[in-house]
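The values are calculated or read from the model by the stated rules, or taken from the named source; none is laboratory data. Computed from a predicted model, the values in this text were never measured in an experiment. Ideal geometry is used to build each Cβ from the backbone, glycine not excepted, and the neighbour counts take in all protein chains shown.
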Amino acid sequence: MVRAAQFGLMRMRFVAISRATLPEIEAFQKRMGWKFKWLSSNGTDFNYDYLVSASKDEAGKKQVYYNYEMTEFPSDERPGLSVFAKRGGEVFHTYSSYARGLDILLPTYNFLDMTPKGRDEDSLPWPMAWVRHHDRYEDSKTESCCSHK
């Protein structure tokens with residue numbers, strides 16, 4: 001995991017942005033034990049501007065513009081990452097990535113991609129349907145791959 005101090009050495013900052021209200025974000029962040037900077041875009045057009053939230057015009061449409069193409073997307077919220085640069089008083093949008101372009105941020109996928117069965121998600125209702133918040137996995141009665149008894 002990259003630490004904020006490492007970003008700071010390169011004159012970079014990491015900030016997560018969600019449509020939830022700030023009190024909702026803070027409660028969830030506390031529950032997860034996360035310490036990174038997380039802001040709310042609630043009440044703004046930020047998520048719509050960067051094509052990660054469905055607009056009212058897209059509601060109910062079979063295909064929407066996402067990941068630089070018209071595609072089917074089953075949710076009003078879509079994964080995305082944007083990078084901005086600040087020079088003087090101006091802010092520039094320098095990069096965006098969506099869908100499979102975000103896989104590098106999911107270490108579990110990196111390991112699954114090296115295994116014979118890979119992600120093995122074809123039978124799931126949607127990719128990543130197996131993922132839970134760390135406090136929502138059922139206790140497994142099977143032995144961990146890493147346990148030593």
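Go through the range 72-96 and count every residue that is of a type in the set (Ser, Thr, Tyr) and either surrounded by 12 or more Cβ atoms within 10 Å (Cβ to Cβ) or assigned by TED's automatic domain parsing to the domain that holds ALA16 (or both).
2
Between a residue in the range 82-105 that is touching a residue at least 24 places away in the same chain (Cβ under 8 Å) and any residue that is surrounded by 13 or more Cβ atoms within 10 Å (Cβ to Cβ) and part of a loop (DSSP other than H, G, I, E, B), which pairs come within a Cβ distance under 6 Å, given they are 6 or more apart or on different chains?
Taking only residues 6 or more apart or on different chains, the pairs are SER82/TYR50; TYR98/ASN67; ALA99/ASN67.
If VAL131 passes every condition in (1) at pLDDT below 90; (2) surrounded by fewer than 11 Cβ atoms within 10 Å (Cβ to Cβ); (3) of a type outside the set (Ser, Thr, Tyr) but one, which one does it miss?
Exception for VAL131: condition (2).
Would you check which residues across the range 68-106 are part of a loop (DSSP other than H, G, I, E, B) and within 25 Å of ARG13 (Cβ to Cβ) and list them?
ARG78, PRO79, GLY88, GLY89, LEU106
Yes or no, residue by residue, for (1) of a type outside the set (Lys, Arg); (2) touching a strand residue (DSSP E or B) at 6+ places or on another chain (Cβ under 8 Å):
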residue: ASP49; (1), (2): yes, no
residue: VAL52; (1), (2): yes, yes
residue: LYS61; (1), (2): no, no
residue: VAL64; (1), (2): yes, yes
residue: SER75; (1), (2): yes, no
residue: ALA85; (1), (2): yes, yes
residue: GLY89; (1), (2): yes, no
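Considering only residues that are under 20 Å from ALA99 (Cα atoms) and of a type outside the set (A, V, I, L, M, F, W, C), look in the range 116-128 and name the one that is modelled with the lowest pLDDT.
PRO127
Considering only residues that are in contact with a Ser or Thr (Cβ under 9 Å, 6 or more places away or on another chain), more than 14 Å from TYR68 (Cβ to Cβ) and not aliphatic (A, V, I, L, M), which ones fall in the range 80-92?
Selection gives PHE84 alone.
Name the residues in the range 8-60 that are among the hydrophobic types (A, V, I, L, M, F, W, C), in a helix (DSSP H, G or I), within 24 Å of ALA99 (Cα to Cα) and free of Cβ contacts under 8 Å to residues at least 12 places away in the same chain, would you?
The answer is PHE28, and nothing else.
Which one of these does LEU112 not meet: (1) within 24 Å of ALA20 (Cα to Cα); (2) surrounded by 13 or more Cβ atoms within 10 Å (Cβ to Cβ)?
Failing condition for LEU112: (1).
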